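Scroll down for the structure; my scribbles are underneath it.
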């Protein structure tokens, strides 16, 4: 119960900070829309590449990637806030005051989730407004958003672990760069079958490839690789939960 | 003239040393554009199969992007360094000396231009190592390096202007997303004639960054394309002149305070 109370307080404060500060709110809303515009708008001719067979069109194809990307970066952006809290000394006071410190991680996680839900709602609205075609039904779409949600949690826990170890905003690139790379080493612009050479090899072993391909399958109404995708996403979340918890212990030990 | 040259040299040396002493300021502008090049040239290789695509090598097509992206980093570095000089009071102390304003600006931009040149050599070397052939030959490579220096100077001056106007490193950093928008809404990933969505093609056509990219691309893919070179160098020169004028004006205002 005390854990939940701590989580609620941390989540409320984080969300209050984000939604009352345009410099924190706007990038996380604008960037996914911008990537969606740049990829779906600028690269729509890619659908004419021989072998590209996504029936719902390039807008839908890119929507899935950008939705998953927004989920991952929603978690990372919240990680920036954790680092900022350590720099300002707030997090140290929080560690002293919180009766159950695991509630701190939970609170940041809830905030990341709520923050991403707003981004996802806007992104989805824009995608439908520009005529995105959807082949999947309600259950399929729930599958897509569930995958994104797990990815959001995993990215937050990764960033949280980094923030609690380094306790400075200078760790921002350490939080951001691996997430960026893992996302872009998945089949971003074309399906896996059209990738060639080293990027194909990397994409095959990249766990996020399963997530992206399954997400596109959900949107098309032809679910594919559902088990491996959820397995990979949950494994990432569980792995980073341990990473974040150990980070919390290190932050506690640092005083 | 000798005094002026001395002043520029001293500040330029300080600017170069300061840049080199901050590994993050050197490594990030070198590494990040190369990573994006690797990712995009792998992921978008299939695009070369589109009818009308100008080359069979996407790396050759995409190699222009790091040059411009590196210049964006130059903007941030120049602006952030100058903003720090304002915040720490260094610029105020400098204003008490007989140092000329132009020397202050030229010296501050010295490190940015040096880094811009190093970046260009690294990007080009990376391209050549993975098999890119520069169609314009050795002279084309020299022109490419000169263009990279001009673009770094222009964008660096823009960063300096932002720093002098705001006096805040954070505000300068906040410009980065805006510059990124210009990069992504250009012919960065696909030739303009192959962009299908009309409004996107119109935006890319109106976007000066497209012509900077196409200038570099022409030297690598086509050879000597007078129109692409004239547009690229013309726009880069215009950005440089306007940015330097704005930065010079902002410096005068800042030093008068």
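Just so you know, all these numbers are worked out from the coordinates, no wet-lab data involved. Remember, it's a predicted structure, so these values are computed and weren't measured experimentally. FYI the Cβ positions are ideal-geometry reconstructions off the backbone, even for glycines, and counts take in every protein chain you see.
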How many partner chain Cβ atoms sit within 10 Å of a residue's Cβ in peptide B:194-201, on average, as a whole number?
5
For a footprinting-style exposure proxy, rank B:199, A:158 by other Cβ within 10 Å, fewest first.
B:199, A:158
Answer check: segment B:2-256, Cα atoms, Kirkwood Rh, Rg/Rh ratio of 1.00
Gap separating the Cα centres of segment B:125-162 and segment B:1-40, nearest whole Å
15
Using a Gaussian network model of chain B whose springs link C-alpha atoms within less than 10 Å, name the residue from B:183, B:194, B:229 with the highest mean-square fluctuation.
B:194
List A:225, B:214, A:196, B:47 from most exposed to least, where exposure is judged by having the fewest other Cβ atoms within 10 Å.
A:196, A:225, B:214, B:47
Would you list A:28, B:210 from fewest to most Cβ contacts within 10 Å?
A:28, B:210
For a Förster distance of 45 Å, can you work out the FRET efficiency between the beta-carbons of residue B:28 and residue A:222, rounded to the nearest 0.05?
0.65
Contour minus end-to-end for residue B:21 and residue B:56, with contour as 0.36 nm per residue of separation and end-to-end as the Cα-Cα distance?
8.6 nm
So for R0 = 45 Å, FRET eff. of residue B:193-residue A:205 from the Cβ-Cβ r, to 0.05, ends up at 0.75
Residue mean of other protein chain beta carbons inside 10 Å, A:167-179
1
With the cut-off at 1.5 for a/c, could you classify the protein assembly as shown from its C-alpha gyration tensor as rounded, prolate or oblate?
oblate
In terms of the alpha carbon gyration tensor, root eigenvalues a ≥ b ≥ c, rounded if a/c is under 1.5 and otherwise prolate when a/b exceeds b/c or oblate, segment B:137-222 is oblate
What spacing in nm lies between the two simple spin-label points modelled at residue A:246 and residue A:92, each 7 Å away from Cα in the Cβ direction?
2.5
Förster radius 30 Å - calculated FRET efficiency between residue A:55 and residue A:169, Cβ distance, rounded to 0.05:
0.10
Which residue, A:57, A:143, A:125, has the most motion in a Gaussian network model of chain A that connects Cα atoms within less than 10 Å?
A:125
Does anyone have the angle between helix B:101-129 and the longest principal axis of chain B? Alpha-carbon axes, 0 to 90°, nearest 10?
30
With N set to the number of residues, divide the alpha-carbon radius of gyration of segment B:117-170 by 2.2 N^0.38 Å and report two decimals.
1.52
Build a GNM of chain B with springs between Cα atoms under 10 Å: which of B:186, B:218, B:56 gets the top mean-square fluctuation?
B:56
Let me have the relative contact order for chain B, percent, based on Cα pairs under 8 Å that are six or more residues apart.
27
Relative contact order of chain A, pairs being alpha-carbon contacts under 8 Å that are 6 or more residues apart, as %:
27
Longest principal axis of chain A (C-alpha) makes with the long axis of helix A:138-166 (C-alpha) an angle, in degrees to the nearest 10, of 40
At 10 °C and 1.306 mPa s, the Stokes-Einstein diffusion coefficient in µm²/s for segment A:1-150, with hydrodynamic radius from the Kirkwood sum on alpha carbon pairs, is 94
The extension gain from residue A:192 to residue A:100, computed as 0.36 nm times the residue separation minus the Cα-Cα distance, is 28.7 nm
Relative to chain A, whose Cα atoms define the longest principal axis, helix A:2-19 and its Cα axis are tilted in degrees, nearest 10, by 60
Computed on Cα atoms only, the convex hull of chain A has an orientation-averaged projected area in nm² of 13.7
Additional length obtainable on full extension of the chain from residue B:202 to residue B:242, 0.36 nm per residue less Cα span
12.0 nm
For peptide A:187-200, compute the average count of partner chain beta-carbon atoms within 10 Å of each residue's beta-carbon.
4
